[in-house]
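Here the structure is laid out as structure tokens; the discussion comes afterwards.
Since every read-out is calculated from the coordinates, none of them should be taken as a lab result. All values reported here derive from a predicted model rather than from experimental measurement. Heads up, the Cβs are rebuilt from the backbone with ideal geometry, glycines too, and the neighbour counts pull from every protein chain shown.
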Amino acid sequence: MMSLCFAVCAFLILAPCTAAPRDAAGGAFIRNKLLLISFDGFRWDYDRDVDTPNLDKMAQEGVKARYVTPAFLTITSPTHFTLLTGRYIENHGVIHNMWFNTSTQEKKQYYSTQFVDSYWDNGSLPIWITAQRQGLKVGSLHFPGTAATYRGETVKVKEVEPQFYDYSNETDWRWNIDKVIGEWFHDQDLDFVSLYFGEPDKTGHKYGPDSPERQKMVQQVDRTVGYMRERIHHFGLSDQLNMIITADHGMTTVLRGGLVEEIILSKIPGFNFKDITFHLVDYGPSGMLLPKEGQLEKVYQALKGAHPHLHVYKKEEMPAHLHYSRHPRLLPIILFADPGYVINGFLPLQFHKGEHGFDNQVMDMKPFFRAVGPDFRKDLEVEPFETVHVYALMCHILGIKPEVHDGHLNSTKNMLISKESTGETNNPQKMSLYQVVIGLTTLTAFLALVFAVTATYHVSKRKASRSYKSKHAAVEDHRDTRF
Ligand SMILES: [Zn+2]
């Protein structure tokens with residue numbers, strides 16, 4: 001009887017401890033939630049010429065990087081997929097916003113490319129799928145790559161924007177926030193969500209990064225951050241939910257109006273589009289060419305040095321820091337322009353006032369980075385780092401084992417509250433729940449022990465009584481009924 005009780009008590013005491021996830025060091029690990037937000041094209045210094053009270057408050061209560069360095073090519077789908085996989089673009093293979101087929105000449109624009117599974121499912125698993133495989137509940141709203149299926153698996157909770165979606169509507173932004181915070185994190189208890197906003201990119205392209213329109217849009221972003229944090233507080237999630245806000249690239253002003261000599265490939269002496277099988281130009285400051293068989297050297301020599309602001313590389317000779325040379329999808333000749341210039345084929349076709357896609361060392365290409373929540377330190381400004389490292393940070397916060405990636409937690413871990421120093425106290429709300437469980441278990445064990453001792457006492461007493469009665473049966477018979 002006693003040994004059975006002891007075993008039950010031991011199980012009850014140990015059960016909550018063994019069920020809790022643990023970190024690599026064996027300490028107790030409490031998994032907080034994580035929201036990754038991207039405001040497309042939010043340059044690192046967009047808060048310098050506009051009042052941004054909500055972003056400022058978030059920086060005081062969390063972490064701010066001076067800036068971050070995106071992967072090259074500094075355009076939307078490739079750099080977002082680096083955030084999701086921790087791989088440089090030459091390794092994850094989403095090399096452009098556009099899908100293309102060099103044999104059929106077919107091209108698909110950004111939105112249509114979202115639905116080409118084989119373009120995204122190319123050997124690197126995004127964090128959504130990895131987290132789901134490890135038992136976490138995951139969602140994504142409008143984030144590039146959300147629509148695709150990876151090794152037969154999709155993000156289980158997702159919303160893909162309709163075609164021709166208005167990415168600028170502030171009312172829609174609030175609906176999306178209500179959905180993510182209220183429904184997904186609060187009601188459905190998701191662990192990780194990625195959330196995408198298509199601004200201030202669109203306004204930066206149309207009016208330029210120095211325009212009052214862009215400043216106004218940054219204020220809309222700031223109000224949205226305020227609304228988001230208010231909703232998180234409203235639903236009682238402040239102590240459980242970490243939030244990372246960043247972007248895919250920056251924006252720079254395009255130089256035009258006779259101020260500069262534009263780059264127009266067809267006007268370059270010795271270059272002829274007849275020598276090209278397939279090309280991807282007229283898409284901002286970068287381009288790729290597939291010369292006809294035997295024409296590579298001729299095309300390369302014609303373009304190399306032809307314009308002082310045009311960089312021309314054979315794919316395998318691309319500068320190492322760009323990590324944009326190894327993938328088979330990259331075409332044999334890669335072009336990119338200096339800041340302010342775009343690459344035109346036959347004549348200028350795009351008239352954006354702002355552009356991105358330049359070398360990731362150009363300061364105007366750097367996005368912002370902010371983070372706040374129970375796992376982040378407060379009022380801390382950290383030195384710049386590459387966005388390829390964000391993946392390892394997210395996996396660490398979520399307590400999941402990462403896939404093979406190109407980043408490292410060492411680049412970002414200084415912004416985290418040390419798990420070792422905090423342990424379960426990392427989250428006061430979860431800590432109190434933990435204490436309640438331990439308390440109830442201890443009480444149950446104590447009551448079981450009391451029951452065992454009492455029962456043993458009564459059994460012994462009954463035996464003693466029977467022994468006494470056998471001796472004094474004639475005298476005590478009338479008392480038996482009381483037992
Ligand atoms: Zn973008």
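Miscellaneous remarks
- Gain on full stretching of the segment that runs from Arg223 to Lys298 - 0.36 nm per residue minus C-alpha separation: 21.6 nm
- Of the trypsin sites (Lys or Arg not before Pro) found in the range 106-163, those that fall in a DSSP loop while having at most 16 other beta-carbon atoms within 10 Å are Arg151, Lys156.
- Residues whose amide H comes within less than 5 Å of that of Tyr88, counting only those at least five positions distant or on another chain, are Asp406 (H built at 1.01 Å from N in the peptide plane).
- Prolate/oblate/rounded label for the range 147-285 (Cα gyration tensor, a/c 1.5): oblate
- Gain upon complete extension [Gln350, Val260; 0.36 nm per residue less C-alpha separation]: 30.8 nm
- Neighbour net charge for Ala71 - beta-carbon separation under 11 angstrom, K R +1, D E -1: -3
- Filter on Lys57/Lys401; Lys179/Lys202; Lys315/Lys413; Lys107/Lys298 - keep pairs with C-alpha separation over 30 Å: Lys57/Lys401; Lys315/Lys413
- Whether the range 127-200 is rounded, prolate or oblate, judged on the alpha carbon gyration tensor where a/c under 1.5 counts as rounded: oblate
- Net charge in the neighbourhood of Arg87 (other residues with Cβ under 13 Å of its Cβ; Lys, Arg +1, Asp, Glu -1) is -3.
- Sites Arg133 and Gln60, calculated FRET efficiency, Cβ-Cβ separation with R0 45 Å, nearest 0.05: 0.75
- For Asp375, Asp201, order by how many other beta-carbon atoms lie within 10 Å, fewest first: Asp375, Asp201
- Solution diffusion estimate, µm²/s, Stokes-Einstein, the range 263-351, Kirkwood Rh from C-alpha pairs, 20 °C, viscosity 1.002 mPa s: 164 µm²/s
- The per residue volume of the convex hull around the alpha-carbon atoms of the range 51-199 is 147 Å³.
- The local environment of Ser118, defined by Cβ-Cβ distances under 13 Å, has a net charge of +1 under the rule Lys, Arg +1 and Asp, Glu -1.
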